[in-house]
Amino acid sequence: MTKYEFIEALRQGLSGLPKRDIEEQISFYGEMIDDRIEEGACEEEAVEQLGNVNDLVLKILKEIPLSRLVKEKVNNGRRLNALEIILLILGSPIWFSLLVAAFAVLFSLYVSLWAVLVSLWAVAFSFIASAFGGIFAAVVFLFGGNTLPAVATIGASVCLAGISVLLFIACKFFSKGVLLLTKKAVLKLKAALIKKEKSNE
């Protein structure tokens, strides 16, 4: 792939982004290719070293803040005509309520995920605290001459410690999953904004 083909493919992949961001990225990767050519690589090798264009587009998309894409989408300079304004006003009782309901459902699901996660961590730490409390109680029983309750309490403490380790691993796994889900949701939202922008052009 030549530099021109790479730049055009990159421009096409980024076509839904704000023009300023597209030009920055084109300039950045164009300079990278030029630098590698100056270091002795041929044009095709210099382009190949940058990797797949689709992977670069995905990487760039991850780095651009969602707020900037939304702001650009809102301030795209397109004026609504009279018919669109009338339809928006007349349809507002329906589309606005549906929009609020959809947002409320998605937000509540997301908050519920975090609530479950916080609850799991609380349970894990309570099991750890119970294990330490059990060991302390066993020492008290031993000093009181109650050997059998001390042994039973130590056994229960060991079980609680084992369960807390398993819960800790599960909580860590679930936390990573929720964070990954959040990143993917933001990436999908960015991609949707870019696709809408492309369809408007």
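The values are calculated or read from the model by the stated rules, or taken from the named source; none is laboratory data. The shown structure was predicted, so the numbers you read here are calculated from the model rather than taken from an experiment. Positions of Cβ are backbone-derived with ideal geometry, glycine not excepted, and every protein chain shown enters the neighbour counts.
General remarks:
- Hits in segment 4-46 - residues which are in contact with a helix residue (DSSP H, G or I) (Cβ under 6 Å, 6 or more places away or on another chain) and over 19 Å from Lys59 (Cβ atoms): Ile37, Glu43
- Pairing each residue of segment 135-147 that is more than 12 Å from Ser157 (Cβ to Cβ) with any residue that is small (Gly, Ala, Ser) and surrounded by 15 or more Cβ atoms within 10 Å (Cβ to Cβ), provided the two are 6+ apart or on different chains, yields C-beta distances under 7 Å for Leu142/Ala150.
- Close pairs from segment 163-187: first in the same structural domain as Leu120 (by TED's automatic domain parsing), partner among the aromatic types (Phe, Trp, Tyr) and part of a helix (DSSP H, G or I), Cβ under 7 Å, at least 6 apart: Ile163/Phe127; Ser164/Phe127; Leu167/Phe127; Cys171/Trp121; Val178/Trp114
- Residue check for Leu117: in contact (Cβ under 8 Å) with a residue 60 or more places away in the chain, buried (at least 16 other Cβ atoms within 10 Å of the Cβ) and in a helix (DSSP H, G or I): yes
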